Each structure stands twice: as C-alpha cells, then as structure tokens.
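Colleague: Sharing a structure here in structure tokens format.
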Amino acid sequence: MKISVLVISLLLLTSCNGSYQSLVSKKTEQAPLSHQSDHPLHDLVEYPIISDVVDMKEMDWDITKDNLYKRVILFKKNGEIKYKSIYIKKTNRLKLVKLDEGLLYNKIIQ
C-alpha cells in the first residue's frame, strides 16, 4: 500500500513538473519589438534625448527588454549594433552607450 502511494505520488509529481516547465518557458519567451512592430519609438519617454544623439533615419532598432524596471533598446546600422540605450523606469535614468566609444549619456530625465 505504501509503495503504491509512493509510486503514484512520484508519477504525479513528474508529470506536473513537465507541464509547469512548458508554461514557464512560454511565459518567459518574448520576441523583441522592432520598428516593424506596432510599438512607436517616438512615444517613449527617452526618445527626445536618444534622437538628439542617434541619427534615427539611418538606424534600425530592437527593444530587447521592456519590463516593469527597465527598457533596453539596441540601435543597428547595416545589421551591426552601434548604440544601446538603457532606461531605468523607477529612477527615470537614461544611459546611452555608443559601443565603440563608450558611455555618451547618463542622467535622470523628466
């Protein structure tokens, strides 16, 4: 009796674990947003500052992370990443990095 209860418990635990993992992986997978999507870059808080530094006409962009805490945008020219912006939402801090030169901007914005 004890062995059958143990076996049934183990079977239930292992079968539940697989479905839980698939649910978790589905929730965590997100495709990056890009200029081809419906997410307009010019509506973002950090856009005016980014557009002053980055020539937006020549760049493709991908929002690689956008959660409750921060937003990360990569700017590419001819498929090569040239700039990276990191906007920390809680503190309104914007960091703008040119990958071959370093940090260009690191201030709190309003």
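The values are calculated or read from the model by the stated rules, or taken from the named source; none is laboratory data. Since we're looking at a predicted model, the values are computed, not measured. Here the Cβ is made from the backbone with ideal geometry for all residues, glycine too, and neighbour counts use every protein chain on show.
Colleague: How about the stretch 47-95: which of its residues are in a helix (DSSP H, G or I) and either modelled with pLDDT of 95 or more or not acidic (Asp, Glu) (or both)? Explain how you work it out, then say what you get.
Modeller: The initial filter retains those residues of the stretch 47-95 that are in a helix (DSSP H, G or I), namely 47-53, 56-58.
Scanning the stretch 47-95 gives Tyr47, Pro48, Ile49, Ile50, Ser51, Val53, Met56, Lys57.
Colleague: Please work out which residue is nearest to Gln110 (Cα to Cα), limiting yourself to the stretch 60-99 and to residues that are touching a His at 6+ places or on another chain (Cβ under 9 Å) and of a type outside the set (Asp, Glu).
Modeller: Ile63
Colleague: While we're on this one: Under 8 Å between Cβ atoms, at least 6 apart or on separate chains: pull out the pairs that start in the stretch 56-84 with a residue that is farther than 13 Å from Leu96 by Cα and outside the structural domain of His42 (by TED's automatic domain parsing) and end on any residue that is surrounded by 19 or more Cβ atoms within 10 Å (Cβ to Cβ) and at pLDDT 95 or above.
Modeller: none
Colleague: For the subset of the stretch 91-108 comprising residues that are among the hydrophobic types (A, V, I, L, M, F, W, C) and surrounded by 13 or more Cβ atoms within 10 Å (Cβ to Cβ), which member is farthest from Val53 (Cα to Cα)?
Modeller: Per the stated criteria, the residue is Leu94.
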